[in-house]
Every structure is written in C-alpha cells, then in structure tokens.
Amino acid sequence: MAERSAQVTWQGDLMSGNGEVHEAPSGAFGPLQITWASRSEDEHGGKTSPEELIAAAHASCFSMALSLGLAKAGNPPERLETSATVTFVPGTGITRSALAVVGHVPGIDEDSFKAAADAAKDGCPVSGALKGNVELTLDARLAAE
Amino acid sequence: MPRIERHANVVWEGNLARGTGRISAGTGAFEDLDYSIAVRVGKGTEGKTSPEELLAAAHAGCYATSLAGELTQAGSPPGQLEITSNVVMDEVEGQGHVIVESQLRVRARVAGVDAEAFRRIVAQADEGCSFSKLIKASAKVSIDAELEG
C-alpha cells in the first residue's frame, strides 16, 4: 500500500481569495499558488490548478503502465513522450483527459504499439479511478525514425 | 460556458523496473519532476513525487476552491481553510494497483456559521468538487472536518 498526501491553505472567499499548495511532502515541488481566476480562465498567469495536477498524475501513471506493458511483450521502450490535457468546464466539471504519446520503441510495429498504449490507457491506476466519470481519449504514435 | 484546458508533459525512459520519468506542467508552475516505480510504491520518497502525490495536491486544491465557494454562497466566506488530502493506492487481488481512497482533512476558520450548517456545507463541497466526482470510479472520499475558533 502506498499513501501520498498534500496540503492546501486557502484564504478568503472564492473569487478574490487565494490558495497555496504547500511544498510537497516528498519535497519534489511547491509551494504552488492557486486562484479561482487562474483555474477557470484561459489565462493562467503561470499558476497551476487541480486540472493541471490531474494531467500530470495521469500522464505519469500512463507512461509507467505503458513501459511495463511494452517490456512484458519483449519491447521495452527507449523513450516515451506523453502529454495529458484535462478539460474543465466551470459549472459542469472535469469532462475529459486526452492522452497523447509518441514512442521510441525498437523492434515494434505501429499496431502493436497502439494496442499496448490502449491497454495502458485502460489499465493504469489513475485511469481506473477516472474511468466512466470522464471521457478518456488516446493518440498513440511511434516516432518517425 | 468556457472550456478550460490544462496539460502536463512526461518523458519516460527505459522499462518500468529501472526506468525513470520527468513531469512538467504546461503553465510552468513545476518542471522536470523525477519519478520512478521504486518511489511510487515504496515507503520512502527520496525527494521524488508520484502520480498519487499529484492527485493528492489536485484533490486538496479542488476541494479548497469548492468549499470556499460553498461557504461564500452561504453568506459566510472563510477566513482560512487548511485542507489535506491523503491518497491511498493498494494492491487489490485480480486488479493490481488500485487507487482506493482519498482522505480529506479539513480545518476551517469561518465566522458566522454554526456546526450543523458547516457539516452540511462540507458535504455540499464534496458533491461540488469536480475531482471528488472524478475519482469515485475506484476510490472513496472520506472527510474529517472541524470548525476552529
């Protein structure tokens, strides 16, 4: 079992208040500032948001699952470049996480790579938590050599 | 209604057991965070983050804005909210690793709200927090909330 935690301090009302994600217990990031304006408008002013943190969690989880699947099938990756884009509609909620991956994987064909990526999209623990509640999409390609 | 998009990038090199990855935020708020499987499922963190730590930060941040919004709407905007999220990933037989729970701890300094109203607002904020809704496919959300001072 693995447990990870994070702490946020929020001050004031929603529209004019602001929050701080404390330095991560691991020490890996933070403190990070958050506000409603930077979360709910296109202009983010360099500030993170829950949606960006979910994107980071999803892209990192998916990459691990894909590296495992590829290695199990005998084609460990040299390099995977993954992005996740999370869509937030204020008033409605989080509607989509779109994964895109470019793989540098010796000795694999495009179809096998796409199948492995599809399995990772369905099987990684973060996808497992989100599944059914949000649209999950995937664009998987091999890098042009 | 506007659609807001936020993205993050990951570069992963190598197999799962020995490989490592780096995580960067589209906004630039964080960059090149190292992670690996040993740290993700191990006890020690060695200064490295993990998907679950990022989820914990997302949940605490999302719940904080949701609770601030609900309190404001109820006519009692918060002075200060302290929110901690603890995300638990467990190995479930037949399913592998599963994110099973996010435990929220809430300590709130709010003028003009009584204990009963506060309890109701805490539950509304969970319903209104888009992240709480999102992870309920595999995880339960528990909330330990206290009104201070």
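Per-structure values
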quantity: Size of electric dipole in the protein assembly as shown: Cβ of Lys, Arg +1 and of Asp, Glu -1, about Cα centre, debye, nearest 20; calculated: 220
quantity: Selected from B:Ala57, B:Ala125, B:Ala29 as most flexible by GNM, with chain B as the system and alpha-carbon contacts under 10 Å; calculated: B:Ala29
quantity: Cubic angstrom per residue, convex hull over Cα atoms of region B:51-147; calculated: 81
quantity: For region A:50-142, the spread of Cα positions along each principal axis, largest first, Å; calculated: 47, 19, 19
quantity: Rounded Å value of the spacing that divides the Cα centres of region B:17-86 and region B:110-127; calculated: 24
quantity: Relative exposure of B:Tyr35, B:Tyr63, judged by other C-beta atoms within 10 Å (fewest first); calculated: B:Tyr35, B:Tyr63
quantity: Residue with peak Gaussian network fluctuation, chain A [Cα springs, cutoff 10 Å], from A:Pro106, A:Pro76, A:Pro25; calculated: A:Pro25
quantity: Student exercise, chain A dipole from Lys, Arg, Asp, Glu Cβ charges, in Debye to nearest 20; calculated: 320
quantity: Total charge dipole magnitude, region A:81-145, about the Cα centre, Cβ charges on Lys, Arg, Asp, Glu only, Debye to nearest 20; calculated: 340
quantity: Cα point-scatterer Debye curve for the protein assembly as shown, base-10 log of I(q)/I(0) at q = 0.10, 0.13, 0.15 Å⁻¹; calculated: -0.50, -0.82, -1.06
quantity: Distance histogram for region A:1-91 (every C-alpha pair counted, 10 angstrom bins, percent rounded to whole numbers); calculated: 14, 36, 31, 15, 5, 0
quantity: Lysine pair count for chain A [Cα-Cα under 26 Å; pairs on different chains or 8 or more apart]; calculated: 5
quantity: Alpha-carbon Rg/Rh ratio, for region A:1-48, with Rh computed the Kirkwood way; calculated: 1.05
quantity: Antiparallel bridge percentage (DSSP; both residues within region A:50-142; nearest 5); calculated: 55
quantity: Choice from B:Gly47, B:Gly69, B:Gly61 showing the highest fluctuation, given a GNM over chain B with Cα pairs closer than 10 Å; calculated: B:Gly47
quantity: DSSP-defined antiparallel bridges as percent of all bridges, the protein assembly as shown, nearest 5; calculated: 80
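Values quoted throughout were computed directly from the atomic coordinates according to the rules given, and no laboratory measurement underlies them. Every value quoted in this text rests on a predicted model; they were computed, and no experiment measured them. We place every Cβ from the backbone using ideal geometry, glycine too, and count neighbours over all the protein chains shown.
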